[in-house]
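Worksheet: one structure, shown below.
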Amino acid sequence: MQGFGARLVWVLVLSLAWLGPEEEEGEVLSDEIEEEDDVLVLHEHNFARALSEHRLLLVEFYAPWCGHCQRLAPAFAQAATALRDESSPARLGKVDATAQTALANEFGITSYPTLKLFRDGNRTHPVPYTGRMDAKGIVGWIERRAGPSATLLEDPDTAANFIASQDLVVVGFFKDLESEAAQVFYEVAGDVVDMTFGVAMATELFEAYGLSADTVCLFKKFDEERTDFPVDPARGLDAAELTQLLQVHRLELVMEFTNETSDYIFGAKIPHHMLLFLNKSSSGQLQLRDDFRAAASTFRGKVLFVVVDVAGHGAGVLPFFGLTPDDAPTLRLVKMENNRKYQMDQDVFSETAIRTFVQEVLDGKVKPRLLSAEPPEDWDTRPVKVLVAKTFEQVAFDETKNVFVKFYAPWCSHCQAMAAAWEELGERYKDHEDIVIAELDATANELENITIHGFPTLHYFPAGPGRKMVEYKSTRDLETFSKFLENGGTLPEEPPVVPKPPENSTGRGEPSPVGTAESRDEL
């Protein structure tokens, strides 16, 4: 027994010697759980304890330098406080994935922030977070998982009261609540937290609502009031398909763009939006809504019809379309996948004209109307050429030039951070006849065959025929830009790094620096 104790002491001594003084001071070995703004601060030594103590644990894996994580932090803390104040069984936690690499590797963290829900201490199958990135969305999403996702309706009176209780409810009628289709319905109810779900299986309820087979019914106090989605006996229910149908049919046939409706308008993921810009203070313009609404029913699910008040909340989107309040009334159709905009004849607002125009756009018979700013007078004399849509083609596809273009947004912090390096690059190559450094404000200029999805985006257009384009995806600094240009639009292969020999007698070298990627602002 004494020999065992001596061996144990030696194991402890050797462990401390291996850790060294630096890690003794910095490494957290305790499983105690600290909190910051009601959010549990988690690491590899207390993670298991947190899982064992909380039935539902939503964990944010973040990077301290990530702008998206920084913007999420206040909402995440607000949601944590709300759940604590409501005595919810759910808690929120956070892990610095750049420091806790073992946890990041275990849970496959490749981007920031990544949120995962751990249930009942299970760490092998966490559920990816699918809700909105705001406090209300986080609380609603997790509370839906803390209890039943759908209310059981047992008799006609209960069902009638449930349906009448809100402007919009979803009821799944299933003859077997253990069926695969019913389980898919419960899954959708858990994800779509801003709608209220009920479920029914009683025969008298099927009869009361005129149903003979499994059906999902959307009840609403507007438009057609009820929409049925029968369950295909062969295919069953598809969660993604049902979610999309509910998102589409929950909307009014014609939406007004407001602060309250904007999330629903974009969240429905309808591929085209038909917009009527008008001034609501003008009675004459308000009358245009009647024909606009009449045309909308033909395209439900394919085109979302939206009224934009140019004197109200809609004023903020006018620059995106190159419009001013004086342009109202006017009509635009937008393809959401690439932000292509189509303009209808200003003088015709009849139901027939609107329906014909929308169908022709869908059929590819109408060309988009592309925005272009006016070029500054000195646009081609600066070290960095200032391009607009009108001048882009002649510069970028000049067969005698190698053209390097930065597509940016004035408000983008990452664009601002690299602005100095881009100006220095322009200075460095201003006297090279075959190299052009340029930039284009992609919020004020649109190009027919190039769609910009994030800022900044860098494209290289090599000299010669063929209208070639190469996207630059490497480090955004002056020297790397120069290597890319000098090597003809590719980065040269770097020789392998030879590790340095140990610099001290312990054989332990200095830790190698850890590279960081930067968050990218999305359009």
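Figures for the structure shown
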read-out: Selection count, the stretch 238-274, where residues are free of Cβ contacts under 8 Å to residues at least 12 places away in the same chain, closer than 20 Å to residue 191 by Cβ and among the charged types (D, E, K, R); value: 1
read-out: Qualifying residue in the stretch 193-200 (condition: more than 28 Å from the chain's Cα centre (by Cα) and under 23 Å from residue 269 (Cβ atoms)); value: no
read-out: The stretch 140-172, residues that are part of a helix (DSSP H, G or I), touching a residue at least 24 places away in the same chain (Cβ under 8 Å) and either among the basic types (Lys, Arg) or farther than 22 Å from residue 222 by Cβ (or both); value: 140, 141, 142, 143, 144, 145, 146, 156
read-out: Residue ID - farthest from the chain's Cα centre (by Cα), chosen from residues in the stretch 392-429 that are open to solvent by 10 Å² or more (accessible area, probe 1.4 Å) and among the β-branched types (Val, Ile, Thr); value: 400
read-out: Single residue of 358, 348 found to be more than 23 Å from residue 223 (Cβ to Cβ), among the hydrophobic types (A, V, I, L, M, F, W, C) and not in a strand (DSSP E or B); value: 348
read-out: Single condition residue 289 does not satisfy, out of (1) closer than 29 Å to residue 388 by Cα; (2) open to solvent by 70 Å² or more (accessible area, probe 1.4 Å); value: (1)
read-out: Test result for residue 268, at negative phi, of a type in the set (A, V, I, L, M) and open to solvent by 20 Å² or more (accessible area, probe 1.4 Å); value: no
read-out: Given (1) over 27 Å from residue 194 (Cβ atoms); (2) in contact (Cβ under 8 Å) with a residue 60 or more places away in the chain, index of the condition residue 135 fails; value: (1)
read-out: Only listed residue being buried (at least 20 other Cβ atoms within 10 Å of the Cβ) and under 23 Å from residue 139 (Cβ atoms), chosen from 200, 239, 181, 150; value: 150
read-out: Tally of residues being over 18 Å from residue 41 (Cα atoms) and in contact (Cβ under 8 Å) with a residue 12 or more places away in the chain across the stretch 87-118; value: 1
read-out: The stretch 426-445, residues that are touching a residue at least 60 places away in the same chain (Cβ under 8 Å) and touching a helix residue (DSSP H, G or I) at 6+ places or on another chain (Cβ under 6 Å); value: 445
read-out: Candidates 136, 175, filtered to the one that is assigned to a loop (DSSP other than H, G, I, E, B) and open to solvent by 30 Å² or more (accessible area, probe 1.4 Å); value: 175
read-out: Candidate set: the stretch 453-475, residues that are out of contact with any Asp or Glu (no Cβ under 8 Å at 6 or more places or on another chain) and open to solvent by 50 Å² or more (accessible area, probe 1.4 Å); chosen: the one modelled with the lowest pLDDT; value: 466
read-out: Sole residue being within 30 Å of residue 66 (Cα to Cα) and among the β-branched types (Val, Ile, Thr), chosen from 435, 450; value: 450
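Residue-by-condition table, conditions (1) of a type in the set (A, V, I, L, M); (2) at pLDDT 95 or above; (3) out of contact with any Pro (no Cβ under 7 Å at 6 or more places or on another chain); (4) over 25 Å from residue 251 (Cα atoms):
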position: 117; (1), (2), (3), (4): yes, no, no, yes
position: 122; (1), (2), (3), (4): no, no, yes, yes
position: 125; (1), (2), (3), (4): no, no, yes, yes
position: 133; (1), (2), (3), (4): yes, no, yes, no
position: 141; (1), (2), (3), (4): no, no, yes, no
position: 144; (1), (2), (3), (4): no, no, yes, no
position: 149; (1), (2), (3), (4): no, no, yes, no
position: 170; (1), (2), (3), (4): yes, yes, yes, no
position: 188; (1), (2), (3), (4): yes, no, yes, no
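The values are calculated or read from the model by the stated rules, or taken from the named source; none is laboratory data. It should be emphasised that the depicted structure is a prediction, and the values quoted were computed from it without experimental measurement. Cβ coordinates were reconstructed from backbone atoms using ideal geometry, including for glycine residues, and neighbour counts include every protein chain displayed. For the accessible areas, the whole protein counts, side chains as well, though only heavy atoms, and no ligand, DNA or RNA atoms are used. Shrake-Rupley method; radii C 1.70, N 1.55, O 1.52, S 1.80 Å.
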